[in-house]
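**Student:** Here it is, the structure in full.
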Amino acid sequence: MSIGGTSKPAEDLGAVAQGSSLRRAAWLSDELLLLDCAPAVGGNSRLGNGSRLKRTRRPPQVEARAFAAPGGRIFVAAGGSLEHSSRLDFVDPESGEKLATAAGEITATLTDLRTFLREGPAGWDAATRSTLSSFLATLVNEYGPSRSLGDGLRQAREVLRERRPVTIEDRRVERGVAVERLHRIDARAFYVRGRAWDTAAPIAGLAATSPEGERVELLESVFRHPDLDGRFIGLFETVASSDLAEDWVVEAASGPGRAVEVSASLAPDALGTILADASLDFEGADSLREQQIRPAIARLDELLRARLEIVELGSYGRAPSSPAISLVVPLQRRVDLIEHQLAQFAADPELEQCELLYVLDDPEQSDLLERVAGELFRLYGSPFRIAVLSETAGRAIACNLGASLAGAERLVFLDADVLPDRSGWLGALGAALDADRGAGAVAPKLLYADDAIDQAGLTYAKPEKDGEWRVQHRLRGLHRDVPAAADAGRVPALGAACLMIDAAVFAELGGFQTEYGVAEYEGSDLSHRLADIRRHPRYVAEAELYRLEGLGAAPEAVGERYAQWLHDRLWGRVIERVWG
Amino acid sequence: MPRRLLQVCHNHPRVRPGGAEVYAHELHRHFRDEEEWEPIFLARSGPPQSPEGAPHEGTRLSPVEGTDDEYLLYPEDYDFDWLFGTMRRSKALYTEDLRQFLLALRPDVVHFQHTLFIGYDALRETRRTLPHVPIVYTLHEFLPICHNKGQMVRTMDRSLCGEASPRRCGECFPDISPDEFLLRKRFIQAQLDLVDLFIAPSATLLERYVAWGIPRERILLEDYGRSRPAAAGDLDRPQPHDTFGVFGQLNPYKGIDVLLRAMRVLGEEAPRLRVHGANLDLQEHSFRKEISGLLKDAGEKVSVLGSYPPERASELMAEVDWVVVPSIWWENSPLVIQEAFASRRPVICSDIGGMAEKVSDGVNGMHFRVGDEGSLATTVRRALTTPGLWERLREGIPAPHSMSEHAGVLAEAYRSLLARPVEATA
């Protein structure tokens, strides 16, 4: 990173004759040199911790940062050939004012990092050491993560940090701290679930120190509640981006001399932990979900969407040049289900006017999908396309991205475990959408394998007064021919497992909301947003399809509780007003 | 120019002489002598029935040695999926091997005798490669309907099953979800939907398939025909008519245990019983143990004579007075009953399905309550003690359905399919 240019020539700035004496130097990484200088005489009031400096004197210019403490000043200089300099002046690049000088033969003072720290900053007070450690950790932001910088920072942290007694996770001991889960959300955001306890005093301090050495106070940011038995849960952020997965330290203190620590490593599957925490039910659970869970999920979701790509893997056969409908089928676990849908579609003349697009939500199965697709096309001869997401992202995102590749003006989202009972379902859905000008989306009757109704649209229920509204499958469990299921028309909402919508409407709504992770709530959310454009959801009784969840096509829904809460939070009032 | 008739079968009788294989091959041989038809026989081969794999590198096909109109197909490395009746690993068997075969031979009619070990996709491939060629499919048991070896017998207690449904099938196979069973049904039906005409050898079978979803108008009720002369067995037998025989596979569905328990019930009155049965050694240990215990109890009255080549059936039936068919599954049109009637032997059979349909109680045989050894013992006692019964029932035996009559019916069906307008193919 280059420091902002100064308008004055470097030579003009080096006016101070007396330099601080260079006591020792050491490489923090392959790129960064640490210099320990004696405190300035009279002090440089403007030299604060983290001040950005510029070393002048002779080209090539290098950049530097400074850390000032009563016991000395640490400069971090980046660039080659530094050890051959005998005098370095550090100048504020903004004002040009000379702030510090390091004088002395660097080569002669060069030592290893551990010695450098032990003979200097290690003697400082704990708070200053901690601040220095955090300061050093921020170097990652400027110079980017590298293996050598990571190693150096971890070594520095181990010398500088205040060590606490290490605890074991045993609730019989008087006090302790444990980390159940620690996850990275992004480079500077982390999610922790742990437990801190002291049988004699309340927890007064809670902090995490990154492997690179940045210390973050947690007590204010994480969620704690008397019903959670000493648990702390939540998001925290570091100033410096942290790249290392091992050797986090979490410490808890309940007073002077009553601090303990434990080390922790980052675990995979942040979403799994967060959704599990979202399912905790206790007095203050709503606050947990509001303050910690939702921001964490929203951030994960945002990051995922930002880095996701959809790649078209192949196009088999020639689809109609201007298809009437694009069928978008997210494929999650069972690629083999393509075969079963093709076997049904092959006999359905309406499919001839449609484009069929399979969107694989699992890049690891790309090779398998390509092979299967090629073989099935040779056998069935029906045209279809396949695309894959760059990482597993869930059905809502798969549908949204699939829609972006669709060529027709009308879309049908169809899960891979949904099979038509008979031909004619597409026509019935389309006719209903055309006939009711106010209808924004339509969905069929979905059946279980035993001909019971899975859903005839969705409805809502609130089992407990003051509780949350829950999505319920309309007429679930009744026989498919029950008279009530034959009444097509407006329903409170539609599920997403099979849903027809015009591409323009879908685009106007911004697609499926991607934070739910549960098809019913995604469909319900979309249905509610139809009202924003003065449309409504409609159920079509004549279109009947089987929805075979027992096939295990979709991953086990772990976020049901969160989806219910989020849905209630976003739509509970509307539901209360309209359907309550 | 003769029309080329391709029959596809799940085994060649040279590999394993099962009833359907023997019948299909006899039909093939019959059409060799008819000028109108040029028959071709394609049978699946290879493990487990035959240890031999494909003999030539780069092809899964080979002619049957000594013939120019019979082929073997070796799909052993495709991993046959019993649940769905398809190849799990790859579809290349259909889109490459079978397609090449169909394009090289260009049959005018394709008659599937069975798709076990080959896969229902063979129908899809045939329809795709030869869009206008009539496809005929003979139903031999309930395999498309029932995952329990097509027997429609419950796995937990071997009781009879009258109707397949996702939940009932899931009860028989707790490791397979009802949803998989619906998927199975829809998949198999989607492939069978490409068949122009089904042949059902019994009304029992026909009705079951109609109930399952095959349109009635697409099924022809036509029993198997037989080629072999029945003369060897058509001999009178001296009094007393007290020798009973049981023929065929010795598996739990064939009811040999019911018959042996009836022998135990009869005790001193028990008649002589000749057991001509195959494949007892392939059955589960518990079944083998049960049968060996029952045989021990029966003592010298029972002779266990092992398997027999199909062409010797008449000769062996001539050695008995009564043929017992005690199956606890429905049966279709048991070849044993045809053999018995060809040898003019009255049949004592379970009172269900294809057995009850083909044997008229009190006319050419007797029924007993299925699975009930007491009922069978009573029936055997009646057979032994009723004067003139054997002779009377013998008189009631119908003339055998000859292969030429049978082939005539099939040929007529093929002709009418070939005469249909092109659009009418399924």
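The values are calculated or read from the model by the stated rules, or taken from the named source; none is laboratory data. Values in this document were obtained by computation on a predicted structure and should not be read as measured data. Backbone-built Cβ (ideal geometry, glycine too); neighbour counts: all protein chains shown. The accessibility values were calculated without ligands, DNA or RNA, using every heavy atom of the protein model including side chains. Shrake-Rupley method; radii C 1.70, N 1.55, O 1.52, S 1.80 Å.
**Student:** Taking 8 Å as the Cα distance limit and 6 or more residues as the minimum spacing, I'd like the relative contact order of chain B as a percentage. Each step should come with its number before you reach the end.
**Tutor:** On the way: 788 pairs, mean separation 58.7, N = 426.
With pairs under 8 Å counted, the relative contact order is 14 percent.
**Student:** To test your reading of the geometry: what angle, between 0 and 90 degrees and rounded to tens, separates the Cα axis of helix A:425-435 from the longest principal axis of chain A?
**Tutor:** Relative to chain A, helix A:425-435 is tipped by roughly 90 degrees.
**Student:** Right, another one. Check the straight Cα-Cα distances from A:Lys465 and name the aspartates and glutamates below 14 Å, setting aside those fewer than 8 residues away within the same chain.
**Tutor:** A:Asp568, A:Glu576
**Student:** Still on this structure, I have one more. Using the charge dipole of chain A (Lys, Arg: +1 at Cβ; Asp, Glu: -1 at Cβ; taken about the Cα centre), state which of A:Leu219, A:Val166, A:Leu22 has its Cα farthest towards the positive end.
**Tutor:** Sorting the options by dipole projection puts first A:Leu22.
**Student:** Could you pull the accessible area for B:Ile352 with a 1.4 Å probe, rounded to 10 Å²?
**Tutor:** Roughly 20 Å² of B:Ile352 is accessible to a 1.4 Å probe.
**Student:** Output ³J(HN,Hα) for region A:148-157: one whole-Hz value per residue in order, computed from phi by the Karplus curve 6.51 cos²θ - 1.76 cosθ + 1.60 with θ = phi - 60°, and x for Gly and Pro.
**Tutor:** Whole-Hz 3J(HN,Hα) from phi for region A:148-157: 5, 5, x, 4, x, 5, 5, 5, 5, 4.
**Student:** Antiparallel as a % of all DSSP beta bridges within the protein assembly as shown, to the nearest 5?
**Tutor:** Working: 95 of 167 bridges.
Antiparallel bridges: around 55 percent, rounded to the nearest 5.
**Student:** Between B:Ala104 and B:Glu315, what FRET efficiency follows from the Cβ-Cβ distance if R0 is 35 Å, with the result rounded to 0.05? The partial results should precede the final answer.
**Tutor:** Details: r = 41 Å, r/R0 = 1.17.
Calculated transfer efficiency: 0.30.
**Student:** In whole Hz and in residue order, list the ³J(HN,Hα) couplings for region B:344-356 that follow from phi through the Karplus curve 6.51 cos²θ - 1.76 cosθ + 1.60, θ = phi - 60°; x for Gly and Pro.
**Tutor:** With the stated coefficients, region B:344-356 comes to 6, 10, x, 10, 9, 9, 5, 8, 9, x, x, 5, 5 Hz.
**Student:** Name all residues of region A:249-293 having a backbone nitrogen under 16 Å from the label point set 7 Å from the Cα of A:Glu162 along its Cα→Cβ direction, giving them as ranges.
**Tutor:** A:249-262
**Student:** Rolling a 1.4 angstrom probe over the protein chains, ignoring ligands and nucleic acids, what is the accessible area of B:Tyr137 in square angstrom, nearest 10?
**Tutor:** For B:Tyr137, the solvent-accessible surface is approximately 10 Å².
**Student:** Ignoring ligands, DNA and RNA, how do A:Ser148, A:Ser210 rank by accessible area with a 1.4 Å probe, largest first?
**Tutor:** Values: A:Ser148 30, A:Ser210 5 Å².
If we order A:Ser148, A:Ser210 from most to least accessible, we get A:Ser148, A:Ser210.
**Student:** Between 0 and 90 degrees, rounded to the nearest ten: what's the tilt of helix A:560-579 against the longest Cα principal axis of chain A?
**Tutor:** Compared with the principal axis, the helix lies near 60 degrees.
**Student:** Could you give the nm distance between label points at A:Ser146 and A:Glu508, where each point is 7 Å from its Cα heading toward the beta carbon?
**Tutor:** Result for the modelled spin labels: 5.5 nm.
**Student:** Between A:Thr115 and B:Asp77, take the C-beta separation as r, use R0 = 51 Å, and let me know the FRET efficiency to the nearest 0.05. Walk me through the numbers before you get to the answer.
**Tutor:** Values: r = 66 Å, r/R0 = 1.30.
So, using R0 = 51 Å, E works out to roughly 0.15.
**Student:** Let me ask something additional. With a cut-off of 14 Å, note down the residues of region B:332-363 whose backbone N falls inside the zone around a label point 7 Å from the Cα of B:Val265 toward its beta carbon.
**Tutor:** Only B:349-351 pass the distance filter.
**Student:** For region B:137-200, with all protein chains present and a 1.4 Å probe, just round the carbon and sulfur fraction of the accessible area to a whole percent.
**Tutor:** Working: 1080 of 2220 Å².
Its accessible area is 49 percent carbon and sulfur atoms.
**Student:** Taking K and R as +1 and D and E as -1, what net charge do the other residues with C-beta under 10 Å from the C-beta of B:Thr95 add up to?
**Tutor:** On the way: positive: A:Arg378, B:Lys91, B:Arg99, B:Arg124, B:Arg128; negative: A:Glu375, B:Glu96, B:Asp97, B:Asp121, B:Glu125.
Net charge around B:Thr95: 0.
**Student:** For region A:512-528, in order, what is each residue's ³J(HN,Hα) by Karplus, 6.51 cos²θ - 1.76 cosθ + 1.60 with θ = phi - 60°, in whole Hz (x at glycine and Pro)?
**Tutor:** 6, 5, 9, 8, 7, x, 10, 4, 4, 6, 5, x, 5, 4, 4, 4, 5
**Student:** Something else now. Excluding ligands, DNA and RNA, what is the solvent-accessible area per residue of region B:78-154 at a probe of 1.4 Å, expressed in Å²?
**Tutor:** Working: 2110 Å² over 77 residues.
Averaged over the residues of region B:78-154, the accessible area is 27 Å².
**Student:** What is the local net charge at A:Asp36, summed over the other residues whose Cβ is closer than 10 Å to its Cβ (Lys, Arg +1; Asp, Glu -1)? Provide the component values of the computation, followed by the final result.
**Tutor:** Values: positive: A:Arg23, A:Arg24, A:Arg73; negative: A:Glu119.
Around A:Asp36, the charge tally is +2.
**Student:** Over both sides of the B-A contact, add up the buried accessible area with a 1.4 Å probe and give it to the nearest 100 Å². Intermediate results must be reported in sequence, preceding the final value.
**Tutor:** Working: alone 18440 and 24980 Å², together 41330 Å².
That pair of chains buries around 2100 Å² in total.
**Student:** Note down the accessible area of B:Val15, probe 1.4 Å, to the nearest 10 Å².
**Tutor:** 40 Å²
**Student:** Treat every Asp and Glu Cβ in the protein assembly as shown as -1 and every Lys and Arg Cβ as +1, leave all other atoms uncharged, and give the resulting dipole magnitude about the Cα centre to the nearest 20 debye. It would help to have the intermediate numbers written out before the result.
**Tutor:** On the way: 116 positive and 150 negative charges, 339 e Å.
The calculated dipole for the protein assembly as shown is roughly 1620 debye.
**Student:** Per DSSP H run of n ≥ 4, the term is -39500 (n - 2.57); total these for chain A, divide by its residue number, and report the mean residue ellipticity at 222 nm rounded to 500 deg cm²/dmol. Please report the intermediate quantities before stating the final value.
**Tutor:** On the way: 16 runs with 158 residues, N = 580.
Result for chain A, helices only: -8000 deg cm²/dmol.
**Student:** If you don't mind, there's one more thing I want to ask. Magnitude of the Cβ-charge dipole of region B:303-426, K/R +1 and D/E -1, about the Cα centre, nearest 20 debye? Please report the intermediate quantities before stating the final value.
**Tutor:** Numbers: 11 positive and 16 negative charges, 29 e Å.
With Lys and Arg at +1 and Asp and Glu at -1, about 140 debye.
**Student:** Then there is this: Can you give me the long-range amide H partners of A:Tyr546? Hydrogens built in the peptide plane at 1.01 Å from N, cutoff under 5 Å, separation of 5 or more residues or another chain.
**Tutor:** Those lying under 5 Å, H to H, from A:Tyr546 are A:Leu419, A:Asp421, A:Leu447.
**Student:** Can you classify region A:157-300 as rounded, prolate or oblate using the Cα gyration tensor, where a ≥ b ≥ c are the square roots of its eigenvalues, rounded means a/c under 1.5, and otherwise it's prolate if a/b beats b/c and oblate if not?
**Tutor:** Details: a/c = 1.86, a/b = 1.12, b/c = 1.67.
Here region A:157-300 falls in the oblate category.
**Student:** Which one of A:Leu113, A:Gln513, A:Ala346 has its Cα pushed farthest toward the positive end of the charge dipole of chain A, where Lys and Arg give +1 and Asp and Glu give -1 at the Cβ?
**Tutor:** Projecting each Cα onto the dipole axis, the largest value belongs to A:Leu113.
**Student:** Using the Cα gyration tensor of region A:455-563, with a ≥ b ≥ c the square roots of its eigenvalues, what is the shape: rounded (a/c below 1.5), prolate (a/b larger than b/c) or oblate (neither)?
**Tutor:** Details: a/c = 1.24, a/b = 1.05, b/c = 1.18.
Note, shape of region A:455-563 comes out rounded.
**Student:** Add +1 for every Lys or Arg and -1 for every Asp or Glu among the other residues with Cβ under 12 Å from the Cβ of A:Tyr521, and state the total.
**Tutor:** Details: positive: A:Arg395, A:Arg470, A:Arg561, A:Arg569; negative: A:Glu468, A:Glu515, A:Glu520, A:Glu522, A:Asp525, A:Glu560, A:Asp568.
So the environment of A:Tyr521 carries a net charge of -3.
**Student:** Within chain B, how many lysine pairs that are 8 or more places apart, or on different chains, have C-alpha atoms less than 18 Å apart?
**Tutor:** Details: B:Lys149/B:Lys185; B:Lys149/B:Lys254; B:Lys254/B:Lys289; B:Lys254/B:Lys358.
For chain B, the number of qualifying lysine pairs is 4.
**Student:** Could I ask something else about it? Please report Rg (one decimal) and Dmax (integer) in Å for the Cα set of the protein assembly as shown.
**Tutor:** Rg then Dmax for the protein assembly as shown, in Å: 40.6, 140.
**Student:** Let me ask something else. State the answer as a single residue: which of A:Leu494, A:Ile203, A:Leu548 lies farthest towards the positive end of the charge dipole of chain A, with beta carbon charges of +1 for Lys and Arg and -1 for Asp and Glu, about the Cα centre.
**Tutor:** A:Ile203
**Student:** Ignoring everything except DSSP H segments at least 4 long, calculate the 222 nm mean residue ellipticity for chain B; use -39,500 (n - 2.57) per segment, divide by total residues, nearest 500.
**Tutor:** Working: 14 runs with 142 residues, N = 426.
Rounded to the nearest 500, it is -10000 deg cm²/dmol.
**Student:** Also: Given R₀ = 51 Å, FRET efficiency for B:Ser292-B:Glu405 by Cβ-Cβ distance, to 0.05? Don't jump to the answer; show the numbers that get you there.
**Tutor:** Values: r = 43 Å, r/R0 = 0.84.
So the FRET efficiency works out to roughly 0.75.
**Student:** What is region B:150-236 by shape, rounded, prolate or oblate, if you read a ≥ b ≥ c off the alpha carbon gyration tensor as root eigenvalues and call it rounded for a/c under 1.5, prolate for a/b larger than b/c, and oblate otherwise?
**Tutor:** oblate
**Student:** Just to confirm my numbers, what's the Cα centroid distance between region A:324-367 and region A:470-496 in Å?
**Tutor:** The two parts, judged by their Cα centres, are 26 Å apart.
**Student:** For chain A, what is the charge dipole size about the Cα centre, in debye to the nearest 20, if Lys and Arg each add +1 at the Cβ and Asp and Glu each add -1 at the Cβ? Walk me through the numbers before you get to the answer.
**Tutor:** Details: 66 positive and 88 negative charges, 387 e Å.
With Lys and Arg at +1 and Asp and Glu at -1, about 1860 debye.
**Student:** Please list the non-local residues whose amide H lies under 5 Å from the amide H of A:Leu360, H modeled 1.01 Å from N, same-chain partners needing a gap of 5 or more.
**Tutor:** When sequence neighbours closer than 5 places are left aside, the close amide H contacts are A:Leu331, A:Ala387, A:Val388, A:Leu389.
**Student:** For region B:1-155, take N as its residue count and report Rg(C-alpha) divided by 2.2 N^0.38 Å. Write out the running numbers ahead of the final one.
**Tutor:** Working: Rg = 15.0 Å, N = 155, 2.2 N^0.38 = 15.0 Å.
That ratio works out to 1.00.
**Student:** Grab the alpha carbons of chain B, take their convex hull, and tell me the volume per residue in Å³. Each step should come with its number before you reach the end.
**Tutor:** Working: hull volume 60.3 nm³, N = 426.
That works out to 141 Å³ per residue.
**Student:** Cα centroid distance between region B:308-387 and region A:152-226, in Å?
**Tutor:** The distance from the Cα centre of region B:308-387 to that of region A:152-226 comes to 83 Å.
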